[in-house]
There are 2 protein chains.
Amino acid sequence: MSMEVIVVGAVALGPKAAVRLKRLRPEARVVMIDRDERISYGGCGIPYFISGDVSDPAQLMTTSFHMVRDAEFFRRAKGVEVLSRTEVLAVERPEKRVRIRSLVTGEESRLPYDKLVLATGSRPRRLGVPGEDLANVFTVSSLSEAIRIKETMTAGRVARAVVVGGGPIGLEIAAALADLWDIETTVIEIADQVLPGMIGPILAHMVQDHLAERGVEVLLAERALRLEGGGAVERVATDRRTIETDLVVVAVGVQPNADLAREAGLALTPRGAIQVNARFQTSDPDIYAGGDCIENVSLVTGGLVYTPMGSLANRQGRIIGTNLAGLEETFDGVVGSFILKIFDLTVAGAGLSLPRARAEGLEVLAVLVVQGDRAHFYPGMELLYLELIVERPGGRVLGIQGLSPQGEALATRVNAVAALLGHRPHARDVAQLELAYSPPYAMAMDVVNVLGNVAENTLAGLQEVVEVDEFARLLEGRESGQTLFLDVRGAQNAKAFVEAYGGRWMNIPQEELAERLGEVPRDQDLIVICNNGARSYEALLALKQAGLSSHNLQGGVGALKRWGWKIP
Amino acid sequence: MSMEVIVVGAVALGPKAAVRLKRLRPEARVVMIDRDERISYGGCGIPYFISGDVSDPAQLMTTSFHMVRDAEFFRRAKGVEVLSRTEVLAVERPEKRVRIRSLVTGEESRLPYDKLVLATGSRPRRLGVPGEDLANVFTVSSLSEAIRIKETMTAGRVARAVVVGGGPIGLEIAAALADLWDIETTVIEIADQVLPGMIGPILAHMVQDHLAERGVEVLLAERALRLEGGGAVERVATDRRTIETDLVVVAVGVQPNADLAREAGLALTPRGAIQVNARFQTSDPDIYAGGDCIENVSLVTGGLVYTPMGSLANRQGRIIGTNLAGLEETFDGVVGSFILKIFDLTVAGAGLSLPRARAEGLEVLAVLVVQGDRAHFYPGMELLYLELIVERPGGRVLGIQGLSPQGEALATRVNAVAALLGHRPHARDVAQLELAYSPPYAMAMDVVNVLGNVAENTLAGLQEVVEVDEFARLLEGRESGQTLFLDVRGAQNAKAFVEAYGGRWMNIPQEELAERLGEVPRDQDLIVICNNGARSYEALLALKQAGLSSHNLQGGVGALKRWGWKIP
């Protein structure tokens, strides 16, 4: 009558599945097994523990009501038995039992199960280069390792650090090292931008500029070849240079921990994750898996994506618990929402980025809008830099990414679009999104609606745009004399540009353009510029009406500044 | 060939429609007519002008690039002619012309149109009681009037104020008067809660408690019968008392300005708004209307709702402009998102509130969840108080409302659910909403997901709940001895309650409950309590397992405190 359930892994998904099952079926016997002594901790909090925002690792292991989530807690409060410091050696499916070994005593034994949950999570990818096992080379794979990193820094002999990997964890760790510990930090990223795959090149450049401002150097398109040193790491040799360092953090992503599943003969995905159905059953219906050891169905592409996230693990754990209890619940898939804080800048997104959409073979448009996060007359406004990824010519919205100093204001826009992404939205749906409005929280025409509007205008062929990076190249090459930069802002704003860029930068304020059309040369490639791309759009239409074609600088001078162009 | 378009009203929708049309069809001749000299201003900024957050009314009339949006601006920058201080007396549909009169010279004339836009907005409802025309009795219907209110206060003879109406504008104005001007402010509301229709009674009580803490008294279920005074208002007589006052603001809502349309024989809705189709055409296809003078289709109920909002006016104006230009664009409808700031508390919502759902004849459940807006270990966490309105037994989500000191964190959750509301979401869809997650911005199981989870649990009959207001009544009547309050928090938290409420308040921490079940009396009505309703839910399940039925206090002690219960 009483069901025996074994849960392998006790960090995020495992505990959630175990506890949900116990709530629905109190009579079930649930045993949770983990290699580590430290279980059920907030793994996503590790960068903030390193940065000092979270001072005590115990905080990551307590509930919101300050109770330590240890084996004793799970036994008493949740009725779940925990075997910590215990390794699962094999799943013996024919006999429906697992073979385990105590990492304390070395003793081996077997436990029978009716249902098994594999919450084996992920492990950090290795670089696969010589010297990776030197002292002071870390990954950020567990709280135990994070504590060792912090101990190393507290010991005070770390002046320089290298982070290998410019993904989210790498950048969070780099910011933490530089910010709290004042360590001279270099990030090495093999791709040609930071946060590859997650955001487009323009937003990535903005992130990199922010890192540079705060003293973190990022080396792009560069590969770490060797870690060198006697005992502890002393140098990182790349394909371009050698960097002296006292500490290396390898943050080149994680991969699903699927060894146990593979050895048990369960089906894996081509990428090596455990294959599951919408109820999280593996190819053996008595064995469930979820969280970082599986791949998810993308609600945008329909394909499988690897999205290791503590939040997904929690939600999926609950669904597994429901199914274990004999009720039926399915998971629809993911849109890949993310948010991260790098110094004073927050970056967030959902769905496909421009590079990822292109990698899917889609013809897309990236609409960049720069606009305030509240009414321009309300104090405390900050600019949001948002990119909407839209399929052309159909106009389907595939993703949104952006950045801002005010993270919550950014989250509001990204989350609203994320909520739509599973419903195959069109640019029109984003144009009509009804965000709650009042002056402290939005403009009457919110930036997210403007994104939809601009996407519609561009899809309809009302404007041709030039991106910030292309614009910067053209401005660099202005001496060629082929491009004229027409600044339609007020004279005050344009003055320094006109002076700096000589005859190539012309100023006619937008409201004077109709009267001064005759001054615009007809034999040049025109790029129209304002602070954010809105007035320049109007100017472009007026020029078109007069038979002059031109391009609009997407995001205007606002984007140009954030991108890192040194404004004269 | 060139089309003549007349736009009546130049605040929000009118300018947007005019400018969008000019962008798409630069050859169109567009004339915008308004009674006021002040046009195209941020009307929603008026409370913030009164509160001093916005110091200069000119700020409400400038663009984000500091350009005054006056007639000259529209002519030069937008190619739109403006006739301000001009009244439209009649629409002569057979002749397709409007009859106008200059409010400066009194001169009458006629203007022909091919297409006409009625952006006549709304006007404040009047109380309809004696004394409403006394000096120092204001509505907040225009920037001109707001300036007069502020002049009256600056003159310094206002010590006491009465605001009639506890809706959003009334509360914003009351907070502004009390906060900046230190005026002893009383709000009179005819309904039995503040923000009637917008939020449920429990959240309303929380808002009222916050107002009381900040010195604003709210009188509920009370009706203003007379305004009295010699020249200027001196007293407000209600059906219960007489209140001395130096200033009265009447904020009892607005109604559509549809006189011109009615007189022109256009179809109106039963509520007296101008009837339009999804393209905003009135019953005369050459006449469009939108914004505050129309009603919108609710995406939740399918019926018509009156949602006067500057943001809707802007979005609808653009769609009207598109249609005027000969392109086809439709508007889907509204979910009724709103957000407002009252002192340090932000209130937001979308869709149906509990009272409104009940008024629609629906059988509903209001799920209240109190949870932090970020990981509990990340600094700066504030609690969110969120209510999800769910149809029973089907589980369709009809609305969400909530409050929090951190407005953006609240907006993020409300906007994500608002984005879903048009897609007939189920509690399950809210449980699976994929908000961007990292510790500074969300918990691994975000509050919005918990709302969906709790709704599912309650719909499935896993728990019976008691609401805060009912709980407070039971706690008041505890001497009857029928209800036992079982506090499953730690002893530290429970101590003061056990002492204050004698034998009626019992403390058994949740993790000890399994072992101490024998201590729980079996002949009492049990209410289980923790800080937010989560541990008490687990306790309730354990009690049920032991054959004891109990109710869970929704939102726990967190909700009870915010609601205004004086914690011992």
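Distance between the C-alpha centres of the stretch A:365-427 and the stretch A:443-469: 11 Å, rounded to the whole angstrom. Mean separation of Cα pairs under 8 Å and 6 or more residues apart, divided by the residue count, gives chain B a relative contact order of 11 percent.
By counting other Cβ atoms within 10 Å of each Cβ, how are B:His376, B:His551 ranked from fewest to most?
In order of increasing Cβ crowding within 10 Å: B:His376, B:His551.
With label points set 7 Å from Cα along Cα→Cβ, the inter-copy distances at A:Pro270 are 5.8 nm, sorted shortest first. By the Stokes-Einstein formula, at 1.567 mPa s and 4 °C, the stretch A:338-459 with its Kirkwood radius over alpha-carbon pairs has D equal to 91 µm²/s. Suppose R0 equals 35 Å; then what is the FRET efficiency for A:Asn277 and B:Glu515 from their Cβ-Cβ distance, rounded to the nearest 0.05? For R0 = 35 Å, the calculated efficiency reads 0.35. One Cα centroid belongs to the stretch B:472-541, the other to the stretch A:494-508; the line between them spans 73 Å. Distances between every pair of Cα atoms in the stretch A:529-568, grouped in 10 Å steps from 0 to the bin holding the largest one, split as 34, 42, 20, 4 percent.
Here's the list of lysines a cross-link from B:Lys22 could span, going by alpha-carbon distance under 30 Å and ignoring same-chain residues fewer than 8 apart: A:Lys495, A:Lys544, B:Lys78, B:Lys96, B:Lys115. When both the stretch B:94-126 and the stretch B:223-246 are represented by their alpha-carbon centers, they are found 37 Å apart.
Extending 7 Å from Cα along the Cβ direction at B:Arg392 and again at A:Glu37 yields two label points whose distance is 4.8 nm. Dipole magnitude for the protein assembly as shown: about 1160 debye, using +1 per Lys or Arg Cβ and -1 per Asp or Glu Cβ, origin at the Cα centre. Taken about its Cα centre, the stretch A:47-162 carries a charge dipole of roughly 240 debye when the Cβ of each Lys and Arg holds +1 and the Cβ of each Asp and Glu holds -1. Amide H contacts for A:Gly399 (H built 1.01 Å from N in the peptide plane; partners 5 or more residues away or on another chain; cut-off under 5 Å): A:Leu352, A:Ile389.
Sorted into 10 angstrom bins from 0, the C-alpha pair distances of the stretch A:137-252 split as 15, 49, 31, 5, 0 percent.
Distance distribution note for the protein assembly as shown: the fraction of Cα pairs above 44 angstrom is 42%. Could you list, in their original order, any pairs among A:Lys341/A:Lys566; A:Lys150/A:Lys561; A:Lys566/B:Lys16 whose Cα atoms are separated by more than 29 Å? Check vs 29 Å cut-off fails for A:Lys150/A:Lys561; A:Lys566/B:Lys16.
Every Cα-Cα pair of the stretch B:250-300 was included, and the share exceeding 14 Å stands at 48 percent. Spin-label pair A:Met3-B:Arg473: with each label point 7 Å from Cα along the Cα-Cβ axis, the two points sit 4.0 nm from one another.
Using the rule -39500 (n - 2.57) for each DSSP H run of four or more residues, divided by the residues of the protein assembly as shown, the 222 nm mean residue ellipticity is -8500 deg cm²/dmol. What the phi angles of the stretch B:376-390 give under the Karplus curve with 6.51, -1.76 and 1.60, with θ = phi - 60°, is a coupling list of 5, 8, 8, x, x, 4, 10, 7, 9, 10, 10, 10, 9, 9, 10 Hz, glycine and proline written as x. Fraction of C-alpha pairs exceeding 22 angstrom in the stretch B:465-563: 17 percent, rounded to a whole number. If R0 is taken as 41 Å, the Cβ-Cβ distance between A:Glu27 and A:Asp259 corresponds to a FRET efficiency of 0.80. Using the Cβ-Cβ distance between B:Glu464 and A:Ala359 with R0 set to 45 Å, the FRET efficiency from 1/(1 + (r/R0)^6) comes to roughly 0.30. Compactness of chain A is given as radius of gyration and Dmax, 26.8, 90 Å, from Cα positions.
Across all Cα pairs in the stretch B:245-368, the calculated P(r) in 5 Å bins from zero up to the longest distance comes to 2, 9, 17, 19, 18, 14, 10, 7, 3, 1, 0 percent per bin. Is the C-alpha gyration tensor of the stretch A:42-137 telling us rounded, prolate or oblate? Criteria: a/c under 1.5 is rounded; beyond that, a/b larger than b/c is prolate, otherwise oblate. Oblate, since a/c reaches 1.5 and b/c is not below a/b. Distance between the pseudo-spin-label points of B:Arg241 and A:Glu328 (7 Å out from Cα toward the beta carbon): 6.1 nm. Taking other C-beta atoms within 10 angstrom as a stand-in for reagent exposure, B:Glu222, A:Glu434, A:Glu217, A:Glu382 fall in the order A:Glu382, A:Glu217, B:Glu222, A:Glu434, fewest first. Amide H contacts for B:Val82 (H built 1.01 Å from N in the peptide plane; partners 5 or more residues away or on another chain; cut-off under 5 Å): B:Met32. Sorted shortest first, the distances from the A:Glu108 label point to those of the same residue in the other copies are 10.4 nm; each point sits 7 Å from Cα along Cα-to-Cβ. Take every Cα pair under 8 Å whose residues are at least 6 apart in sequence, average their separation, divide by the length of the stretch A:276-415, and the relative contact order is 19 percent.
Taken about its Cα centre, the stretch B:338-459 carries a charge dipole of about 220 debye when Lys and Arg each add +1 at the Cβ and Asp and Glu each add -1 at the Cβ. Taking the fewest neighbouring Cβ atoms within 10 Å as the starting point, the ordered list for B:Ser55, A:Ser142 is B:Ser55, A:Ser142. Comparing B:Thr139, B:Gly156, B:Leu171 along the charge dipole axis of the stretch B:131-172, the residue lying farthest to the positive side is B:Gly156, per the Cβ-charge model. In nanometres and ascending order, the distances from the A:Met3 label point to those of the other copies are 6.3 (point 7 Å from Cα along Cα→Cβ).
Any read-out appearing in this document is the output of simple, stated calculations on the displayed coordinates, not a laboratory observation. These numbers come from a predicted model, not from an experiment. Here the Cβ is made from the backbone with ideal geometry for all residues, glycine too, and neighbour counts use every protein chain on show.
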